[in-house]
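Trainee: One structure is given below, represented as structure tokens, and several questions about it will come after.
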Amino acid sequence: MTKLQFLFIAFLFPFLLLSQNKISKSEVQKIIKDSQAAKKDGSISLPSIKSWKFNNTDSLYFKSDTLIAIQNKTNTQNDFCEFIDWTFYRKNAFILGNTSYCEEPPSRLVTKYPEDYFYIAVYQIENRTMIDMLRNDKMIVDSFNVIEIENNDEFLKIKLVRRFIPLPYNNKI
């Protein structure tokens with residue numbers, strides 16, 4: 001009986017992996033479009049409620065190969081005491097922010113142009129959806145594989161895996 005169970009699992013597991021829903025380019029583009037910060041009098045608030053927030057405790061954003069972006073839809077509270085945020089101000093552009101609530105008073109680094117302004121490119125390679133982060137001069141800064149999206153009424157959660165191993169570099173933005 002155990003041999004039959006083993007064979008069943010051995011053949012079923014690869015089938016389940018192949019049959020998983022693939023994340024499409026259009027799905028990611030729609031999420032980015034829906035994440036654009038609302039403008040009031042021609043300006044946006046940083047970070048926006050619609051910003052993608054990444055945990056940056058102990059410089060995790062810069063060191064980790066797997067990142068999870070969270071956008072709370074019902075709660076404006078931050079999940080992390082230190083976070084990096086991507087605030088989309090156009091369908092293919094965002095401002096990178098760095099905020100800390102760990103100590104009083106809370107702090108946020110001042111956004112500088114062009115250092116903190118990035119473009120984003122979404123494309124597909126071999127049934128995988130990729131996101132490239134580009135500087136103003138169109139040089140790729142970072143590249144991610146979108147591996148999971150969880151979207152419900154309370155939050156949006158996007159799991160990204162870096163395509164390249166992060167180099168040890170200064171984690172100042």
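The values are calculated or read from the model by the stated rules, or taken from the named source; none is laboratory data. Please read these numbers as outputs of a predicted model, since none were measured by experiment. Ideal geometry is used to build each Cβ from the backbone, glycine not excepted, and the neighbour counts take in all protein chains shown. Just so you know, the surface numbers come from the protein's heavy atoms only, side chains and all, with ligands and any DNA or RNA stripped out. Shrake-Rupley method; radii C 1.70, N 1.55, O 1.52, S 1.80 Å.
Trainee: Could you please give the count of residues in the stretch 113-151 that are in contact (Cβ under 8 Å) with a residue 24 or more places away in the chain, open to solvent by 60 Å² or more (accessible area, probe 1.4 Å) and part of a loop (DSSP other than H, G, I, E, B)?
Mentor: Residues meeting the conditions: 2.
Trainee: Would you confirm, using the coordinates I've provided, whether A121 is within 17 Å of the chain's Cα centre (by Cα), under 16 Å from D34 (Cβ atoms) and of a type in the set (G, A, S)?
Mentor: no
Trainee: Which pairs do you get when a residue that is over 15 Å from N56 (Cα atoms) and without any contact (Cβ under 8 Å) to a residue 60 or more places away in the chain, found in the stretch 80-107, comes within reach of a residue that is outside any loop (DSSP other than H, G, I, E, B) and open to solvent by 40 Å² or more (accessible area, probe 1.4 Å), reach meaning Cβ atoms under 7 angstrom, with the pair 6+ apart or on two chains?
Mentor: A93/Y117; A93/Y119; I95/Y89; I95/Y117
Trainee: Would you check if there is a residue in the stretch 55-72 being within 20 Å of A37 (Cβ to Cβ), open to solvent by 70 Å² or more (accessible area, probe 1.4 Å) and at pLDDT below 95?
Mentor: no
Trainee: Still on this structure: What's the number of the condition S43 fails, among (1) of a type in the set (S, T, N, Q); (2) in contact with a helix residue (DSSP H, G or I) (Cβ under 6 Å, 6 or more places away or on another chain); (3) over 23 Å from K159 (Cβ atoms)?
Mentor: Answer for S43: the failing condition is (2).
Trainee: Test S107 against the stated conditions and say whether it is small (G, A, S) and open to solvent by 30 Å² or more (accessible area, probe 1.4 Å).
Mentor: Details: small (G, A, S): yes; open to solvent by 30 Å² or more (accessible area, probe 1.4 Å): yes.
Criteria met by S107.
Trainee: So E104 passes all but one of these: (1) at pLDDT below 95; (2) within 15 Å of the chain's Cα centre (by Cα). Which condition number does it fail?
Mentor: Here E104 meets the rest and fails (2).
Trainee: What single numbered condition from (1) open to solvent by 60 Å² or more (accessible area, probe 1.4 Å); (2) in a strand (DSSP E or B); (3) of a type in the set (A, V, I, L, M) fails to hold for L96?
Mentor: (1)
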